[in-house]
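Structure first, then comments.
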């Protein structure tokens, strides 16, 4: 609650996903909207999960955050309006972006659970085909 609704920041290196290495997607802990893929995750050395790009651009919003001494770009989920973290222009290619997220704002869905949890459309990202219904 403190992170998603009150814009708190969790401690680096002491959060659930900074070192998560399994394949899967990260969804908004509040709404379940798909936000990031493990394929775009990288070790930024900051202690927070970092990504080069959102999974679905339409599911994130960016706005100027003037909460500290310098303006930063805050990242929020588009549907639940959850505070997720911040984006910086110091990431690796191909985007040059570092989406630095709070684990507390995310829920990880491993690739083997994608279909069961309603995210089968993302299976091709991981070399798996979605199940076809036999209607």
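Here are some notes:
- Any hit, the range 68-86, residues being free of Cβ contacts under 8 Å to residues at least 40 places away in the same chain and farther than 20 Å from residue 10 by Cα: no
- Residue within the range 1-16 that is crowded, with 18+ Cβ neighbours inside 10 Å, within 15 Å of the chain's Cα centre (by Cα) and either modelled with pLDDT of 95 or more or part of a strand (DSSP E or B) (or both) present: no
- Residue count for the range 46-59, restricted to those that are more than 14 Å from residue 25 (Cα to Cα) and either assigned to a loop (DSSP other than H, G, I, E, B) or under 9 Å from the mean Cα position of the chain (by Cα) (or both): 3
- Candidates 44, 31, filtered to the one that is in contact (Cβ under 8 Å) with a residue 40 or more places away in the chain and under 29 Å from residue 129 (Cα atoms): 31
- Residue match in the range 105-127 (condition: at pLDDT below 95, under 20 Å from residue 11 (Cα atoms) and surrounded by 20 or more Cβ atoms within 10 Å (Cβ to Cβ)): yes
- Hey, residue 91 part of a loop (DSSP other than H, G, I, E, B), surrounded by 17 or more Cβ atoms within 10 Å (Cβ to Cβ) and over 12 Å from the mean Cα position of the chain (by Cα) or not: yes
- Of the residues making up the range 42-59, those that are within 13 Å of residue 100 (Cα to Cα) and surrounded by fewer than 21 Cβ atoms within 10 Å (Cβ to Cβ) are 42, 43, 44, 45, 46, 47, 52, 53.
The values are calculated or read from the model by the stated rules, or taken from the named source; none is laboratory data. All values reported here derive from a predicted model rather than from experimental measurement. Note that each Cβ is placed from the backbone with ideal geometry, even for glycine, and that neighbours are counted across all protein chains shown.
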